[in-house]
Amino acid sequence: MTAPNALSTSTTPPTPTAEAGSAVPATGTLRVPGATLHYRVRGDGPLLLLIPGGAGGAAAFDNIADGLAAEYTVATYDPRGISQSTLDDPEAAQRVTEHADDAFRLLELLSPGEPARVFGMSSGAIAALDLLATHPERVERLVAHEPPLVEVLPDAAEHRALLARVRETLRTQGLMPAVAVFAEGSKRKGDAGVDGVRKGEPAEPKAEMTLPPQAAARAARTMANLPYFVERIIPSFMAYAPDTDRLAELSDRLVLAGGQDSHGELPYRPAAFLAERFGTELHHFPGGHTGLTTHPDEFGELLRKVFRA
């Protein structure tokens, strides 16, 4: 499999390790400007590109990819700078448009000339929305789950202040205190937190548990990616202002989604706001912002239904 000629100067042929359709996903690499992307492909049928958010990378889809591969050729990848997708310059600033272009180049490689289905979650949903706005001919349908597009909200100034506090905490106290500031600022409005714990009250202690080896390895990769995500993805992506007029024109192929347990939380609110503005339905998926991880079977089944509709 080779890239189209138009991209030949910035791509390299993939190096699969298994045949498409087998239980073991094929893996490949794709050269893009400033980075080398690592991707996986499994299944057979029309292409479904899954764009991860957060610090977990492609592994976030491990629990649903095989089920989706019964109907689709499922492609997952680590965004640039995450896990196995390396940056030419490890200190390079990150931009939503660049990440969206990476997704476009993967579509050109894996589904040349044919529009694909796309699912994006969290920061990955932000990149996916930019992909739809700039290359609508390549997207048949996009499901965007809780993109934290704070710039579309009427109280955007409050969230800019939150990001400023996160940056200052990162500078003066370090990574984990900055993560705590961000997590607290992302809770639902009112006096209940994300987990239903009232602000100011301690949470019940949780028993320690031993993760299975695969889950433990995934958690370790996520922690290794966390500094990059907090320092360069969060500030850039949450400052991104989408072309809402363009997205409104394309709303017939856009499905905005939120978690059933996320009402009022920061990542949920932009999806709800845009769905109301566009006059479209807000689809509710199981769980909260991380419902893909906490309710993988139900999440994957609903995703299949939404793409069939």
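A few comments on the model shown:
- Restricting the search to helices (runs of 4 or more DSSP H) fully inside segment 208-306 and requiring at least 2 residues that are closer than 16 Å to Gly53 by Cα and touching a Gly at 6+ places or on another chain (Cβ under 9 Å) gives 213-228, 268-278, 291-294.
- Matching residues, segment 59-81, being farther than 17 Å from Arg117 by Cβ and touching a His at 6+ places or on another chain (Cβ under 9 Å): Asp78, Pro79, Arg80
- Any hit, segment 70-80, residues being assigned to a strand (DSSP E or B), acidic (Asp, Glu) and surrounded by 21 or more Cβ atoms within 10 Å (Cβ to Cβ): yes
- Against the conditions (1) in contact with a Ser or Thr (Cβ under 9 Å, 6 or more places away or on another chain); (2) surrounded by fewer than 24 Cβ atoms within 10 Å (Cβ to Cβ); (3) of a type outside the set (Lys, Arg), Ile51 satisfies every one except (2).
- Close pairs from segment 222-248: first farther than 17 Å from Ala127 by Cα, partner surrounded by fewer than 18 Cβ atoms within 10 Å (Cβ to Cβ), Cβ under 6 Å, at least 6 apart: Pro227/Leu175
- Candidate set from segment 252-270 (those that are touching a residue at least 24 places away in the same chain (Cβ under 8 Å) and surrounded by fewer than 16 Cβ atoms within 10 Å (Cβ to Cβ)); member that is nearest to Glu281 (Cα to Cα): Arg253
- Helices (runs of 4 or more DSSP H) within segment 115-190 that include 3 or more residues without any contact (Cβ under 8 Å) to a residue 12 or more places away in the chain and of a type in the set (A, V, I, L, M, F, W, C): 156-172, 175-185
- Selected residue [surrounded by fewer than 21 Cβ atoms within 10 Å (Cβ to Cβ), of a type in the set (Asp, Glu), modelled with pLDDT under 95 and more than 26 Å from Pro136 (Cα to Cα)] from Asp62, Asp88: Asp62
- In segment 130-162, residue farthest from Gly113 (Cα to Cα) [restricted to those that are touching a Pro at 6+ places or on another chain (Cβ under 8 Å) and of a type in the set (A, V, I, L, M, F, W, C)]: Leu153
The values are calculated or read from the model by the stated rules, or taken from the named source; none is laboratory data. What you see is a predicted model; the values in this text were computed from it and never measured. Quick reminder, even Gly has a Cβ in these numbers, built from the backbone with ideal geometry, and neighbours come from all protein chains shown.
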